[in-house]
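Student: Can you read through this structure? Questions will come right after.
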Amino acid sequence: MPGLIKREDIDEVRQRTDIKEVVDGYVTLKGAGLGTFKGLCPFHDERSPSFTVRPQVGRYHCFGCGEDGDVIAFVQKQDHSSFQEAVEKLAARIGYELRYEDGGTGPNREEVGRRQRLLDAHKIADEFFQAQLLTPGAAEARTFLHGRGFDRAAAEQFGVGYAPQGWDALLKHLRGRGFTDAELKLTGMFSEGNRGIYDRFRGRLVWPIRDIAGDTIGFGARKLYEDDQGPKYLNTPETALYKKSQVLYGIDLAKRSIAKDRQLVVVEGYTDVMACHLAGITTAVATCGTAFGTDHIKIARRLLSDDGTGGEVIFTFDGDAAGQKAALRAFEEDQRFTAQTYVAVEPTGADPCDLRQSRGDEAVHALVQSRRPLFEFAIRTTLKQFNLDTVEGRVQGLKASVPVVAAIRDASTRTGYCQALTGWLGMPDPNEVLRLVTTEVKNAGKRGDLGGAPAAAPRASAPAAPPGG
Ligand SMILES: [Zn+2]
């Protein structure tokens, strides 16, 4: 990680960048005379445009909400990125090589060019897949979407496409657009065999996975045909663009709602993200082939608030063990984050996509509404293993949940859960639980594992399953 970008380079990037061109990528601008352009403000809801851009002075201003700044501020706010990231993005755009205070250099011109080629290849592939969805060969793909309650407009909204059967449909298309095999190998869209490279995604429904700015950086593909020997879901492997620990499917569509509503809903699959958004839960995203981890938390934090606290992160699970494990795993993460984490479990095991289809949009809303704090979920999940109707079961339940409560680092929250646990166990005196938990906290401190995962919570290996459909 290089140090701070040199002041003069920041000024140079700002000067050389046409703010109108950058804003154009996000907002439709119309000339308003005197070198000014107008459009609908991306920072507040409005019907008539009060957002103005003045390229000569390199600034934007909204007369509705007062948002105001230069091109770097605009990119920062739109992408929810840091100052440095915004400058790097803008520099890459114009092929400017940044220098850093510690003598380091950022990505050089060659790397910037390679990255742009990768993005271009993804954009072309994305358009190719979407066009294929309308062809006769994609009947199975359309049937799948229809069967999940998604019409053509929904498919278009999310850019869903179809990767044709055969070995080289996309390969030929991209070669025809001037990409060399060496370049294509770096895209993650091709596999390599004895006779060279061939399409990685074949006979599959394809979702474009986009970064927060809306650029396609990878694909998730679901199998459609019985004779497909591959996994149900196949994603882009790690590439220069696609890092699964940082990718959130739907983040490009959800970012604005997440920031506005200070809520992030994490679902398990591409179709669940679609179903949520169509049902009006526009804060929904999904991880792609990995569990929600530390890097995802960073992204969530940045979107939810400026200072990294507050807001709600709601995990929806279909109630199976993997989902519960993933939730309990949060104990191993930063507990400032855990304190704003909630879990919504659908008792029937239906996912948001099933719910929307069988019981409508309201059922999806109801699932999100039913969220419970993560700590409560973890303790109750522990208690569920015991028959609390018997004295023996209650004693065992108490023993198992004390370490869970003791792992809560915030003292007043911990005390609160001592009382709650007393109630859930039907015990008369909260002091007994409090005493046991206090002892456990002290012992854990002596053992040196305070703050680790509670003994009763399954120490989670992240469920590595790709999102289900
Ligand atoms: Zn505004």
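The values are calculated or read from the model by the stated rules, or taken from the named source; none is laboratory data. Predicted, not measured: the structure shown is a model, and the values here were computed from it. No Cβ is skipped: glycine too gets one built from the backbone with ideal geometry, and neighbour counts run over all protein chains shown.
Student: Does Ile124 qualify as being away from the ligand (no atom under 16 Å from the Cβ), over 30 Å from Arg177 (Cβ atoms) and surrounded by 15 or more Cβ atoms within 10 Å (Cβ to Cβ)?
Tutor: Spelling it out, it is not the case that Ile124 is away from the ligand (no atom under 16 Å from the Cβ), over 30 Å from Arg177 (Cβ atoms) and surrounded by 15 or more Cβ atoms within 10 Å (Cβ to Cβ).
Student: Mind checking which pairs have a first residue in the range 53-64 that is over 14 Å from Arg14 (Cβ atoms) and of a type in the set (A, V, I, L, M) and a second that is within 10 Å of the ligand (Cβ to nearest atom) and at pLDDT 95 or above, Cβ under 9 Å, 6 or more apart or different chains?
Tutor: Val53/Tyr60; Val53/His61
Student: Of everything in the range 37-57 that's touching a Gly at 6+ places or on another chain (Cβ under 7 Å) and under 22 Å from Ser257 (Cα atoms), which residue is farthest from the ligand (Cβ to nearest atom)?
Tutor: Only one residue fits best here, namely Pro49.
Student: Counting only residues that are surrounded by 17 or more Cβ atoms within 10 Å (Cβ to Cβ) and touching a residue at least 60 places away in the same chain (Cβ under 8 Å), which one in the range 222-238 is farthest from Thr341 (Cα to Cα)?
Tutor: The selected residue is Leu224.
Student: Let me ask something else about it. Of everything in the range 364-394, what is assigned to a loop (DSSP other than H, G, I, E, B) and in contact (Cβ under 8 Å) with a residue 24 or more places away in the chain? Give them in sequence order.
Tutor: Ser370, Arg371, Leu388
Student: A further question on this structure: Collect the residues in the range 293-330 that are on the phi > 0 side of the Ramachandran plot and modelled with pLDDT under 65, keeping them in residue-number order.
Tutor: Selection gives Gly308, Gly319.
Student: Being over 20 Å from Arg302 (Cα atoms), surrounded by 14 or more Cβ atoms within 10 Å (Cβ to Cβ), under 31 Å from the mean Cα position of the chain (by Cα) and at pLDDT 90 or above, is that true of even one residue in the range 69-79?
Tutor: So far as the range 69-79 goes, yes, one or more of its residues are over 20 Å from Arg302 (Cα atoms), surrounded by 14 or more Cβ atoms within 10 Å (Cβ to Cβ), under 31 Å from the mean Cα position of the chain (by Cα) and at pLDDT 90 or above.
Student: Okay, next question. Would you mention how many residues in the range 65-81 are in contact (Cβ under 8 Å) with a residue 60 or more places away in the chain and away from the ligand (no atom under 15 Å from the Cβ)?
Tutor: Residues meeting the conditions: 4.
Student: Give all pairs with beta carbons closer than 6 Å in which a residue from the range 26-41 that is on the phi > 0 side of the Ramachandran plot meets a residue that is exposed (fewer than 12 other Cβ atoms within 10 Å of the Cβ); count only pairs at least 6 apart in sequence or on separate chains.
Tutor: Gly35/Gln56
Student: How about the range 1-59: which of its residues are assigned to a loop (DSSP other than H, G, I, E, B), surrounded by 12 or more Cβ atoms within 10 Å (Cβ to Cβ) and of a type in the set (Ser, Thr, Tyr)?
Tutor: Of everything in the range 1-59, those that are assigned to a loop (DSSP other than H, G, I, E, B), surrounded by 12 or more Cβ atoms within 10 Å (Cβ to Cβ) and of a type in the set (Ser, Thr, Tyr) turn out to be Thr17, Tyr26, Thr36, Ser50.
Student: A further question follows. Those residues that are among the small types (Gly, Ala, Ser) and touching a residue at least 12 places away in the same chain (Cβ under 8 Å), I need them from the range 398-429; list them, please.
Tutor: Ala400, Ser401, Ala406, Ala407, Ala420, Gly426
Student: Just to check your reading of the model, which residue among Thr135, Thr143, Thr105 is farther than 15 Å from Phe201 by Cβ and modelled with pLDDT under 95?
Tutor: Just a single option satisfies the conditions, and that option is Thr105.
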